[in-house]
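Each reported figure results from applying straightforward, stated rules to the coordinates on display, with no laboratory input. Given the structure is predicted, the values throughout are model-derived calculations rather than measurements. Glycine gets a Cβ as well: all are built from the backbone with ideal geometry, and neighbour counts include every protein chain shown.
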Amino acid sequence: MNGRFAISTAGHDAGKVYVIVGKDKEILLLADGVERKIANPKKKNKKHVSIIGHKNENELLTMISEKKRGCDEAIRQAIHHFIKDNLKFK
């Protein structure tokens, strides 16, 4: 599940896009690379997010699992491209 995109469906951050960087029972650890970096991910109940697969998830998964330097930048760029790709058809 790590490396996949998730959209918050509840709370003050509803509609915000994150990348899943970890899991603990029913809690997902989410990062956006800006406010929530991989070192301090947001904890969110699984029921309050919509999980979305994406073609770049394998590359993200590798960076997240290795916690390489520049991972937050890669997350920011991936989210940016995800939003850009999904908004062009609306």
So I27 and M1, fully extended at 0.36 nm per residue minus their Cα-Cα distance, gain in nm 8.1 nm
Computed ³J(HN,Hα) along the stretch 6-14: with the Karplus parameters 6.51/-1.76/1.60, θ = phi - 60°, integer Hz and x for glycine or proline, the list is 9, 10, 5, 10, 9, x, 5, 9, 3
According to a simple spin-label model (label point 7 Å from Cα along Cα-to-Cβ), what is the distance in nm between D85 and H48? 2.8 nm
